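The values are calculated or read from the model by the stated rules, or taken from the named source; none is laboratory data. All values reported here derive from a predicted model rather than from experimental measurement. All Cβ positions, even for glycine, are placed from backbone atoms using ideal geometry, and neighbour counts span all protein chains on display. In case anyone asks, the SASA skips ligands and DNA or RNA and just uses the protein heavy atoms, side chains included. Shrake-Rupley method; radii C 1.70, N 1.55, O 1.52, S 1.80 Å.
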Amino acid sequence: ATLSVATGNLERIGRQKLAAANLLELFHAGAWSDTFEQRADIFCHGIEQVRRATRPDAAILAVGDTPADILAARANHLPVMAVATGTYTFEQLQNEEPSLCLHSFAELL
């Protein structure tokens, strides 16, 4: 699997957050808000990176913790798994009708 981050964070800030959580080295690519104003455009750029690194028909699942992530995934025709690990509640995320909604990643075990 190829992991890419698509975030509304500026690259400098996003990299710091991922590094602080010891996750940065897990990601193969990144799409940041430095050059994109809309979250859907950030996701589109991330999709392009993954498909260039793998294959044009690569299956992609978006994972997000905000309503904006769900909407951006939907705008790019991606299935999206929402996880209530951030400031938004499970109910708030579920209201946006993601493909799957979890309270936490522990539910995947």
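For the stretch 1-31: of the residues being among the hydroxyl-bearing types (Ser, Thr, Tyr) and in contact with a His (Cβ under 8 Å, 6 or more places away or on another chain), which is modelled with the lowest pLDDT?
Residues of the stretch 1-31 that are among the hydroxyl-bearing types (Ser, Thr, Tyr), as a first pass: 2, 4, 7.
Imposing the further condition that a residue be in contact with a His (Cβ under 8 Å, 6 or more places away or on another chain) reduces the set to 2, 4.
Values: Thr2: 90, Ser4: 95.
Taking the candidates together, the pick is Thr2.
Figure legend. Inter-residue proximity from the stretch 27-56: first residues free of Cβ contacts under 8 Å to residues at least 12 places away in the same chain and under 12 Å from Asn76 (Cβ atoms), second residues part of a loop (DSSP other than H, G, I, E, B) and open to solvent by less than 60 Å² (accessible area, probe 1.4 Å), beta-carbon distance below 6 Å, spacing 6+ or different chains. Indicated pairs: Arg51/Ala58. Could you list, in sequence order, all residues of the stretch 72-109 that are under 22 Å from Ile47 (Cα atoms) and of a type in the set (Gly, Ala, Ser)? Residues satisfying the conditions are Ala72, Ala73, Ala75, Ala82, Ser99. Close contacts from the stretch 66-91, counting a first residue that is modelled with pLDDT under 95 and a second that is among the acidic types (Asp, Glu), with Cβ to Cβ under 8 Å and a gap of 6+ residues or different chains, come to Thr85/Asp65; Gly86/Asp65. For Asp34, indicate whether it is at pLDDT 95 or above and over 18 Å from Leu3 (Cα atoms). Yes; evaluated as a whole, the condition is true for this residue.
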